[in-house]
Amino acid sequence: MFKIRNLVVILSFAICACGIYAAPNQNPINQPIPNKPTVAKTEDVTQRININTADVATLQKIKGFGKKKAEAIVEYRGKNGIFKSIEEVLKIKVRGLNQKWLDKVGKFLTV
């Protein structure tokens with residue numbers, strides 16, 4: 001009996017230490033962390049971004065622009081010159097850079 005009681009105490013402590021147990025009046029586990037840095041959303045972009053002059057960080061302000069897509073656009077522009085139209089970005093071979101994506105983010109871009 002002593003061994004079972006010790007096991008229960010040890011398991012109870014382990015569960016509490018892991019944060020599985022949430023006592024009343026404490027924040028639930030799924031609450032957002034306060035002061036967590038936020039990523040800019042598309043709604044934060046108030047002006048269209050020129051894909052011929054924007055750097056990687058500026059392009060990433062648009063929701064749907066990851067680092068790979070932004071880097072690919074800047075690299076393509078460096079090798080082939082400026083874009084004549086927004087649709088020209090579809091020539092770049094990067095995963096996720098397709099017509100459906102362009103329909104979503106195209107309204108935030110200009111040449």
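Here, each number is a calculation from the coordinates, and none is a lab measurement. Keep in mind the model is a prediction, meaning the values are calculated, not measured. Quick reminder, even Gly has a Cβ in these numbers, built from the backbone with ideal geometry, and neighbours come from all protein chains shown.
Results, tabulated for the structure shown:
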item: Label-point gap, in nm, between ASN52 and VAL111 - each point 7 angstrom along Cα→Cβ; result: 0.8
item: Net charge contributed by nearby residues that have their C-beta within less than 15 Å of ASN98 (K/R +1, D/E -1); result: +4
item: Length released on extending from LEU102 to LEU90, taking residue separation times 0.36 nm less the Cα-Cα span; result: 3.5 nm
